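Following: one structure in structure tokens, then a few remarks.
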Amino acid sequence: MKFLEKLKRTSEEKDSRIVLALDHSVQVREQKDRLRILNNARFILREVADFIAALKVNYQLLLPLGLFDLLQLVIEDAEEHGLVTIMDCKLNDVEHTNKWAARHFFDGGFDAVIVNPFVGWEGALEGVFDEAQKRGRGVILLVYMSHLGAKEGYGRMVIVNEKEAVPQYFLFARKAVEWGADGVIVGATNPEVIERVREVLRGNQLIFSPGIGVQGGRIARVFRSGADYAIVGRMIYEARDPRKAAERIRREVNEALRRV
């Protein structure tokens, strides 16, 4: 099953538009630290699996657990719960390296990868899209991040021609359409950017929005602006009761969607 088909089915079954970012940062000094990270990740995933549609993995799990080592247990758990898995690697290199990495992430069980459009198409990201298409996997384009410094790169103004100057993220949104990306990342902390990106995409790509809660993004505002999925991390995995937190957030998300 292709990435978007799988995500749609899971979202309907779970009645959820939440992607869990399981990015709990723990310093690793000994083997027992790796096992603690593993056990904590599996516990949280088990607790919240009924209320989320997908799991996003970043370096906080990848580096200490290893793609083909302990991380496989987390990926297997996600699959057993019917969840889509996204590797937040932000691929940002030349083509042979990007394609090599994407191939390994797909072999490791991930349904989609996140890539950085700054490196361009030819000789950079083309191979990732080719590999994903052959396998029915997804590619998500990083269009605008959720931190304050994102404006220094993704928000800078670019002169396109004598008559047009637009923000860099606007051009990246155009690239998402041109390249046939499955979705884009736009930070929840900038709902006005979500609105403008949605106009460019015209419903052809999904918008995944991180930065809700701790970073200041608000659920109602994010979905009103045009986001399709909320990427939520610390509000869930740092909660005293992750299950109740995930259930509450799903309820808030679904209420926001009903009002769109």
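Values quoted throughout were computed directly from the atomic coordinates according to the rules given, and no laboratory measurement underlies them. Remember, it's a predicted structure, so these values are computed and weren't measured experimentally. All Cβ positions, even for glycine, are placed from backbone atoms using ideal geometry, and neighbour counts span all protein chains on display.
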Within segment 223-242, can one find any residue that is of a type in the set (Lys, Arg), in contact with a Phe, Trp or Tyr (Cβ under 8 Å, 6 or more places away or on another chain) and either free of Cβ contacts under 8 Å to residues at least 24 places away in the same chain or surrounded by 18 or more Cβ atoms within 10 Å (Cβ to Cβ) (or both)? no
Residue hits (segment 172-211; under 18 Å from Lys151 (Cα atoms), in a strand (DSSP E or B) and of a type in the set (A, V, I, L, M)) are Val184, Ile185, Val186
What are the residues in segment 114-155 that are among the polar types (S, T, N, Q) and either in contact with a strand residue (DSSP E or B) (Cβ under 6 Å, 6 or more places away or on another chain) or within 14 Å of Ile185 (Cβ to Cβ) (or both), if any? Asn116, Ser146
Pick from segment 136-191, criterion among the basic types (Lys, Arg) and touching a Pro at 6+ places or on another chain (Cβ under 8 Å), ranking: nearest to Ala112 (Cα to Cα): Lys175
Would you point out the residue of segment 13-51, among those that are in contact with a helix residue (DSSP H, G or I) (Cβ under 6 Å, 6 or more places away or on another chain) and either in a loop (DSSP other than H, G, I, E, B) or without any contact (Cβ under 8 Å) to a residue 24 or more places away in the chain (or both), that is surrounded by the fewest Cβ atoms within 10 Å (Cβ to Cβ)? Ser25
Which number in (1) of a type outside the set (Gly, Ala, Ser); (2) within 24 Å of Asp23 (Cα to Cα); (3) in a strand (DSSP E or B) marks the one condition that Val166 misses? (2)
Let me spell it out: the conditions are (1) over 15 Å from the mean Cα position of the chain (by Cα); (2) surrounded by 18 or more Cβ atoms within 10 Å (Cβ to Cβ), and Asn58 meets all of them except one. Which number is the exception? (1)
